[in-house]
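*Asks:* Before I ask anything, here is the structure I am working with.
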Amino acid sequence: MAKETALSEPVAPPTPGPQHELLHFLAQRGKDISPLLIITHNHPDPDCLASAVALAFLAEKLHGIKTRIAYSGIVGRVENQALVRVLRLPVHSLREGEVQRYQHVALVDTQPPFQNNPFPKNRKATLVVDHHPRNKRTDADLLVIDPAYGATSTLLTEAVQASGLQPPAKLSTALLYGIISETQNLGREAGERDINAYLWLLKI
């Protein structure tokens, strides 16, 4: 019953937090980190796919940072394949040696020490954005990690909202599905920020 009440309330602007750290970093570094390779965890799910696309959107639209989104493994589930196909998400299978060719690499919904991504152990990432608890060995120029979020898509939604940009319908849809799938319809580890992000996206 409490969740039904929360869903009926007006959407409040997100309070200052990790999303502003991310926006400040992008503004500060700008084209110095262009081109930026954005990698997801292996066999990406909707949360990391949507988060990666949102990060690319912010980097390109706000500061002209060229980006490429890549993943290792496959997009396996039929519904995830449909998400990529129907929304035409600009995500690509990682090429051999591609990570090594980029000076600047961002990881979304994963961290360098995790065993579920292709990032080399002996490198420092440019950026890490994640909602999982921080591994003590995780390092990057900027860490935007907050396990209070039920989904990384929520954090990126707040960043889009704080940027003042109007997200295109395809991005909004991807972020909505990322939040819903990761939190199992707002029923698993979903907090107020996840609910408010979901409601904001619905109104776009």
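*Asks:* Name the residues in the range 167-204 that are open to solvent by 50 Å² or more (accessible area, probe 1.4 Å), modelled with pLDDT of 95 or more and either touching a Gly at 6+ places or on another chain (Cβ under 6 Å) or part of a loop (DSSP other than H, G, I, E, B) (or both), would you?
*Replies:* PRO168
*Asks:* Could you go through the range 46-59 and let me know if any residue there is surrounded by fewer than 21 Cβ atoms within 10 Å (Cβ to Cβ), at pLDDT 95 or above and touching a Ser or Thr at 6+ places or on another chain (Cβ under 8 Å).
*Replies:* no
*Asks:* Cβ-Cβ distance below 7 Å, separation of 6 or more or different chains: which pairs start in the range 8-25 with a residue that is at negative phi and end on one that is at pLDDT below 95 and open to solvent by 100 Å² or more (accessible area, probe 1.4 Å)?
*Replies:* VAL11/LYS203
*Asks:* Next up: Looking only at the range 60-79, which residues are out of contact with any Ser or Thr (no Cβ under 8 Å at 6 or more places or on another chain), aliphatic (A, V, I, L, M) and open to solvent by less than 50 Å² (accessible area, probe 1.4 Å)?
*Replies:* Selection gives VAL75 alone.
*Asks:* Let me confirm something: among GLN100, GLN184, which residue is without any contact (Cβ under 8 Å) to a residue 12 or more places away in the chain, of a type outside the set (A, V, I, L, M) and out of contact with any strand residue (DSSP E or B) (no Cβ under 7 Å at 6 or more places or on another chain)?
*Replies:* Only one candidate passes the filter, namely GLN184.
*Asks:* Continuing with this model, one more query. Looking at the range 58-86, which of its residues are polar (S, T, N, Q) and closer than 20 Å to SER34 by Cβ?
*Replies:* THR67
*Asks:* When you scan the range 61-79, how many residues do you find that are part of a helix (DSSP H, G or I) and over 22 Å from GLN166 (Cα atoms)?
*Replies:* 2
*Asks:* Would you pick out the residues in the range 80-131 that are buried (at least 18 other Cβ atoms within 10 Å of the Cβ), over 15 Å from the mean Cα position of the chain (by Cα) and in a strand (DSSP E or B)?
*Replies:* HIS104, ALA125, listed by residue number.
The values are calculated or read from the model by the stated rules, or taken from the named source; none is laboratory data. Because the structure is a prediction, the values reported are computed rather than measured. Ideal geometry is used to build each Cβ from the backbone, glycine not excepted, and the neighbour counts take in all protein chains shown. Accessible surface is based on the protein model in full, side chains and every heavy atom, while ligands, DNA and RNA are left aside. Shrake-Rupley method; radii C 1.70, N 1.55, O 1.52, S 1.80 Å.
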